[in-house]
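*Asks:* Let me give you the structure first, and then I'll get to my questions.
The values are calculated or read from the model by the stated rules, or taken from the named source; none is laboratory data. Computed from a predicted structure; not experimentally measured. Cβ placement follows ideal geometry from the backbone for every residue including glycine, while neighbour counts extend to all protein chains displayed. Protein only, heavy atoms only, side chains kept; ligands, DNA and RNA dropped before computing areas. Shrake-Rupley method; radii C 1.70, N 1.55, O 1.52, S 1.80 Å.
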Amino acid sequence: MKKIFTSALLSLSMIGIVMGQKQDFQLTLNGQPPSSEAKVFVRYFVGQKLKIDSVSLNSSNVAYKGQIDEPTQVILFYSKDGTSFFHRKGGPMQRLTFYVDPLEANTEIVIKDPFESSIVKGGQLQAAYRKYQDYLHSYEQQLIAQQSKRADLYQDKNRNEEALKQVSTEIEKIEELRVHAQRKFIVENPDNYFSLLALQEVARYGSDVSQIEPLFLKLSVNLRKTTTGEKLEGEILLAKKLGIGQPAPDFGQLTPDGRLLKLSDFKGKYVLLDFWASWCGPCRAENPHLVEIYKQFKGPDFEILGISLDKPGKKDNWTKAIEQDGLKWPQVSDLNGWQNNAAQLYGIQAIPQNYLISPGGKIVGINLKGEQLADKLRELTR
């Protein structure tokens, strides 16, 4: 097994040579599915652009071809009757997750029933991923079930806010356990490419940089020198500048009615910078908690400033979400998606995410949620 991962690293160390150049890859799906109407929906990212395609399983051997420029996660969603996962009703669709490598272009999927038990025959990268996937399997299954439940509750016209809150709390607990498992995997597998990706994921969700940097330094030199490793190192350096006690970068953006509003306009108050978007399901699920926090603490000593990562041309989506979710606090955006200027200043890689700023403009909290946020505000404003 150790030979496999060492060889994979030799392959991955060459990724920098082809980064930015599109490479062909092919998925071959073998085996007859239970239904002739069945489809699989192929979902992956090229850079920051989401790619979604479908493949009809109308024969025992079908192929899908695409292009990537780096090791890429691919998710196949199985639809027995061909219905798109965009119009899914009921339980979660069966899915199969794996990785494709630009340097090992062919991946074979042997279809099994149930679909999620299908066999993936890929290269060395897939072998490394399988070890990581097996390590986190129980947490992933729990998250899929709870996230599906949350999505159904959120879409219900007669939304049960208490049930939604309970599911969100359960998801947070599972995510905490998953992060703990990821940290352990990183320490035990410093040469596995997915230790690097695990650390990148953990870092994106607001973990203290003082805990992230030591884990980064435990990774092998080969991993740290990959394009992804160098990017993560840059994010760690930025996070150091945005740590507890550091000055919060000022910025200004427009409110929905076109008024310029700056962070510095709130000097003298505690300000929670809430990074979110109308299209972000977890953000919308978190909003009821923020509404309760606002009711408890709004006053001369506390304010929330929402920064939306909604995209160009989506102002109506943004303002509609503000109204639907009852967000009474100030809201701003430059409607530039992930390239939002404030998000760039604060190194935002995932949402929802927040920073708590002191009356003197210093960062005093990062990614505080639920009771943790309430406890911090009680401590600071009493």
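*Asks:* Mind running the shape call on segment 297-374? Use the C-alpha gyration tensor, a ≥ b ≥ c as the square roots of the eigenvalues: rounded below 1.5 for a/c, prolate if a/b tops b/c, oblate otherwise.
*Replies:* On the way: a/c = 1.93, a/b = 1.34, b/c = 1.44.
Oblate, since a/c reaches 1.5 and b/c is not below a/b.
*Asks:* Next question. Could you please state how large a percent of the accessible area of the chain is carbon and sulfur, counting protein chains only and using a 1.4 Å probe? Before the final figure, lay out each step's value.
*Replies:* Details: 9350 of 19190 Å².
For the chain, the apolar C and S fraction of the accessible surface comes to 49 percent.
*Asks:* Net charge near Gln21: determine it from the other residues with C-beta under 15 Å of the C-beta of Gln21, scoring Lys and Arg +1 and Asp and Glu -1. Before the final figure, lay out each step's value.
*Replies:* Details: positive: Lys22; negative: Asp24, Asp69, Glu70, Asp101.
Charge balance near Gln21 sits at -3.
*Asks:* List the equivalent ellipsoid semi-axes of the chain in whole Å, largest first, each obtained as the square root of 5λ for an eigenvalue λ of the Cα gyration tensor.
*Replies:* 38, 26, 19
*Asks:* For the chain, report the accessible area per residue in Å² (1.4 Å probe, heavy atoms, rounded to an integer). Write out the running numbers ahead of the final one.
*Replies:* Details: 19190 Å² over 382 residues.
Dividing the accessible area of the chain by its residue count gives 50 Å².
*Asks:* Here is a further query. Over segment 49-165, what number does the Rg to Rh ratio reach, with both radii from the alpha-carbon atoms and Rh per Kirkwood? Please list the in-between numbers first.
*Replies:* Values: Rg = 16.4 Å, Rh = 16.4 Å.
Ratio of gyration radius to Kirkwood radius for segment 49-165: 1.00.
*Asks:* I'd like the per residue volume of the convex hull spanned by the Cα atoms of segment 120-274, given in cubic angstrom.
*Replies:* Values: hull volume 29.2 nm³, N = 155.
Value for segment 120-274: 189 Å³ per residue.
*Asks:* Please report how far the C-alpha centroid of segment 206-230 lies from that of segment 29-73, rounded to the nearest whole angstrom.
*Replies:* 32
*Asks:* Give the total of Lys-Lys pairs in segment 228-312 with Cα-Cα distances below 25 Å; include a pair only if its members are 8 or more places apart or on different chains.
*Replies:* Lysine pairs satisfying the spacing and distance rule in segment 228-312 number 16.
*Asks:* Report, in deg cm²/dmol and to the nearest 500, the calculated mean residue ellipticity at 222 nm for the chain, where each DSSP H run with n ≥ 4 adds -39500 (n - 2.57) and the sum is divided by the residue count. Before the final figure, lay out each step's value.
*Replies:* Working: 12 runs with 160 residues, N = 382.
Calculated at 222 nm, the ellipticity per residue is -13500 deg cm²/dmol.
*Asks:* Please give the peptides 66-72, 163-169 ranked by average Cβ packing (other Cβ atoms within 10 Å per residue), highest first, as a rough proxy for protection. List each step's numbers first, then the result.
*Replies:* Numbers: 66-72: 19.1, 163-169: 17.3.
Highest to lowest by the protection proxy: 66-72, 163-169.
*Asks:* List every residue whose amide H lies under 5 Å from the amide H of Gln23, counting only residues 5 or more places away in sequence or on a different chain, with H placed 1.01 Å from N in the peptide plane.
*Replies:* Under 5 Å from the amide H of Gln23: Ile68, Asp69.
*Asks:* Take every DSSP beta bridge with both residues inside the chain and express the antiparallel ones as a percent of the total, to the nearest 5. Intermediate values should be presented prior to the final figure.
*Replies:* Working: 46 of 60 bridges.
Antiparallel: roughly 75 percent of the beta bridges in the chain.
*Asks:* Still on this structure, I have one more. At q = 0.15, 0.29 Å⁻¹, what is the log10 ratio I(q)/I(0) for segment 111-153, with the Debye formula run over Cα points and no solvent?
*Replies:* Values returned for q = 0.15, 0.29 Å⁻¹ are -0.52, -0.99.
*Asks:* Same structure again: Exceeding 30 Å between C-alpha atoms, which entries from my cross-link table qualify? They are Lys131/Lys225; Lys22/Lys80; Lys157/Lys376. Let's see the in-between values first.
*Replies:* Details: Lys131/Lys225 22 Å; Lys22/Lys80 32 Å; Lys157/Lys376 34 Å.
Too far apart for the 30 Å limit: Lys22/Lys80; Lys157/Lys376.
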